[in-house]
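Asker: Structure in structure tokens, see below.
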Amino acid sequence: MTHVTKGDVEACWIWTGSKNHAGYGSFSIGRARRVGAHRWAYENLVGAVPAGLDLDHLCRVRACVNPAHLEPVTRRENLRRGVRTEHMAMRTHCPQGHPYDEANTGRTGTVRWCRACKRDRNRQRRQAQAGTLSNL
Ligand SMILES: [Zn+2]
Ligand SMILES: [Zn+2]
């Protein structure tokens with residue numbers, strides 16, 4: 001690796017090559033797809049990342065490629081740890097206080113929504129329509 005300042009295990013190894021839009025080091029291997037520099041470092045120095053897992057930066061330094069600072073985690077765990085999405089994934093209740101449990105949680109892709117709130121909205125819409133009609 002040429003684009004890295006290698007230090008000891010505790011220090012972050014800062015990737016000084018190109019970075020992707022998210023601030024992670026990345027580069028191309030031949031004509032192949034671009035790979036994350038931290039993933040490449042981990043796979044070469046530690047081993048394959050188990051299928052379905054993402055590498056989480058324990059040090060929170062995205063440009064860091066020190067494998068000692070990387071831990072394979074599930075995407076869900078990675079999102080949960082992420083600062084920006086933390087409150088989203090950890091939320092156990094909708095803004096109206098309904099629980100996000102199995103029965104009450106609808107999903108569209110990865111987005112969760114509250115069935116109770118949807119019921120309320122539908123009811124309000126029906127009431128609004130009924131009100132409009134009775135005012136005619
Ligand atoms: Zn680090
Ligand atoms: Zn709700």
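The values are calculated or read from the model by the stated rules, or taken from the named source; none is laboratory data. Everything numeric in this text was worked out from a predicted model, so none of it was measured. So basically every Cβ, Gly included, is an ideal-geometry build from the backbone, and we count neighbours across all protein chains shown.
Asker: Step by step: first the residues of segment 19-53, then only those that are buried (at least 19 other Cβ atoms within 10 Å of the Cβ) and part of a strand (DSSP E or B), then the one that is nearest to ligand 1 (Cβ to nearest atom). Which residue is that?
Answerer: 25
Asker: Among the numbered conditions (1) modelled with pLDDT of 85 or more; (2) part of a loop (DSSP other than H, G, I, E, B); (3) among the aliphatic types (A, V, I, L, M); (4) more than 14 Å from ligand 2 (Cβ to nearest atom), tell me where residue 103 comes up short.
Answerer: (4)
Asker: Looking at segment 72-83, is at least one residue at pLDDT below 90, among the polar types (S, T, N, Q) and part of a strand (DSSP E or B)? Talk me through it step by step, then tell me what you get.
Answerer: Filtering segment 72-83 down to residues at pLDDT below 90 leaves 73-83.
Imposing the further condition that a residue be among the polar types (S, T, N, Q) reduces the set to 74, 78.
Checking which are part of a strand (DSSP E or B) leaves us with 74.
Looking through segment 72-83, at least one residue is at pLDDT below 90, among the polar types (S, T, N, Q) and part of a strand (DSSP E or B).
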